[in-house]
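K.L.:
Take a look at the following structure, please.
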Amino acid sequence: MKLSAPELRERAAQAREQYASCLLCAHRCGVDRRSGPAGICNEGDGLWLAGAGVQLGEEPQLVPSGLLLIGGCNLACQTCETFDFSLERRGLTAVSPEELAALLLDLQRQGASNANFVTPTHVLPAVLEGLAVAAQAGFALPVVWNCGGYESLEALRLLEGIVDFYLPDAKYGDDAAAFELSGCKRYTAALRESLAEMHRQVGPSRIIIRHLVLPEGVAAPEKVMPLIAGISRDLCVNVMSQYRPVFRAARFPVIARGVTAVEVRAAVAAARAAGLQSILVDGRPAA
Ligand code: SF4
């Protein structure tokens, strides 16, 4: 974080104004969230956590990572792996800015190399409030924004000078699939705008883009990889093979199974064909 604690407090206050007419993500609902849950994410102005702790898996550059699993989501993926706390809001605890700050300081004490906020965009103001309290008390870890690639420019600009590393998804290269499977309109345009702004803020070496391979090429890697390369061929893409048909996947026959090695290789080939220079598969350099 480049901002000082007073600057963070000021930014958090500026961010809180978003709750009066929320444009925090590309759904651009424009609703007032101050008096209770509203908008497509159905969130109010509080922060709810499903858990926090130091994690040793995933991208090697970011471990040990201090994960903060945030409740709720601005997307509604029919195949969500964390649907219990992201969509059904089960097992969540309300967390004040002071409590979030205490958790952040605890992750720092435990040796985490960063604070990795998972799915945080819909509660960005509340996250910044906690960071401001933590910074005042000596919190100094890099901040990772682990998000869905469906942010708004308004939200991302509030993060400039705060986020050190972006970890966005690039879920789809096809808008029809994005709408059917995640309820997002104009996903690819929003993804392009989000990636361009992240790139402007931190450059290509501090962004890893995750692409979860779906069965039958439904996520359209042959379209999403050129979209990414159009921002910069130096952006790193992590092709992920872990898809399992969970939550409501059974309602969609085309994604009602896991992915094959052939489908994963096709996504890697699409990244290579697009000219991307840095390709990971499940966090390790592609063979
Ligand atoms: S965060 Fe996104 S989905 Fe939620 S109210 Fe704001 S614009 Fe709508």
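Only the coordinates and a few stated rules stand behind these numbers; no lab work does. All values derive from a computational prediction rather than experimental measurement. Cβ: placed from backbone, ideal geometry, glycine included. Neighbour counts: every protein chain shown.
K.L.:
Please compute the Cα-Cα pair-distance distribution of the chain with 10 Å bins starting at 0, giving whole percents from short to long.
P.N.:
Reading upward from the zero bin: 7, 29, 38, 21, 4, 0.
K.L.:
To the nearest 0.05, what FRET efficiency results for residue 189 and residue 94 with a Förster distance of 41 Å applied to their C-beta separation? It would help to have the intermediate numbers written out before the result.
P.N.:
Values: r = 34 Å, r/R0 = 0.84.
After rounding to 0.05, the efficiency reads 0.75.
K.L.:
Let me check I've understood the local charge: for residue 171, count other residues with C-beta under 14 angstrom from its C-beta, Lys and Arg +1, Asp and Glu -1. What total comes out? Show your work: numbers first, answer last.
P.N.:
Working: positive: 185, 186, 192, 210, 223; negative: 81, 151, 169, 174, 175, 180.
Combined, the nearby Lys, Arg, Asp and Glu give -1.
K.L.:
Using Cα pairs under 8 angstrom and six or more residues apart, how large is the relative contact order of region 88-165, in percent? Could you put the intermediate results ahead of the total?
P.N.:
Values: 79 pairs, mean separation 27.1, N = 78.
In percent, rounded to a whole number, it is 35.
K.L.:
Hey, with R₀ at 35 Å, roughly what FRET efficiency would residue 61 and residue 34 work out to, going by the Cβ-Cβ distance, to 0.05? All intermediate terms of the calculation are to be shown ahead of the outcome.
P.N.:
Numbers: r = 38 Å, r/R0 = 1.09.
Computed FRET efficiency for residue 61 and residue 34 comes out at 0.40.
K.L.:
Quick one: which residues, 5 or more positions from residue 281 or on another chain, have an amide H under 5 Å from its amide H? H modelled 1.01 Å from N in the peptide plane, none for Pro or chain starts.
P.N.:
Hits under the 5 Å cutoff: 239, 286.
K.L.:
Restricting to the chain, what percent of DSSP beta bridges are antiparallel, rounded to 5?
P.N.:
Values: 12 of 36 bridges.
About 35 percent, rounded to the nearest 5.
K.L.:
Taking the Cβ of residue 47 as the centre, find all other residues whose Cβ is under 10 Å away and add up their charges (Lys, Arg: +1; Asp, Glu: -1). Could the numbers behind the result be given before it?
P.N.:
Details: positive: none; negative: 43, 45, 99, 129.
Net local charge, residue 47 excluded: -4.
K.L.:
Place +1 on the Cβ of every Lys and Arg and -1 on the Cβ of every Asp and Glu in region 5-285, take the dipole about the Cα centre, and give the residue among 215, 242, 232 whose Cα lies farthest towards its positive end.
P.N.:
Final value for the positive-end residue is 215.
K.L.:
Something else now. Would you calculate a helix-derived [θ] at 222 nm for the chain, using -39,500 (n - 2.57) for each DSSP H run of n ≥ 4 and dividing by the full residue count, to the nearest 500?
P.N.:
Details: 9 runs with 96 residues, N = 287.
That calculation yields -10000 deg cm²/dmol at 222 nm.
K.L.:
What Cys residues in the chain have no fellow cysteine's beta-carbon under 4.7 angstrom?
P.N.:
Flagged as lacking a Cys partner: 22, 25, 29, 41, 73, 147, 184, 236.
K.L.:
Quick one: helix 124-136 against the long Cα principal axis of the chain, what's the angle to the nearest 10°, folded into 0 to 90?
P.N.:
It works out to around 50 degrees.
K.L.:
Let me ask you something else. What relative contact order, as a whole-number percentage, does the chain give when Cα pairs under 8 Å and 6 or more residues apart are counted? Intermediate values should be presented prior to the final figure.
P.N.:
Values: 632 pairs, mean separation 47.8, N = 287.
Relative contact order, the chain: 17 percent.
K.L.:
Under a Cβ-Cβ cut-off of 11 Å, what is the net charge of the residues other than residue 66 that fall near it, where Lys and Arg count +1 and Asp and Glu count -1? List each step's numbers first, then the result.
P.N.:
Working: positive: 109; negative: 106.
Net charge in that neighbourhood comes out at 0.
K.L.:
With charges only on Cβ, +1 for K and R and -1 for D and E, what is the dipole size of region 5-285 about its Cα centre, in debye, rounded to 20? Display every interim value, and only then the final one.
P.N.:
On the way: 26 positive and 30 negative charges, 107 e Å.
Dipole of region 5-285, to the nearest 20 debye: 520 debye.
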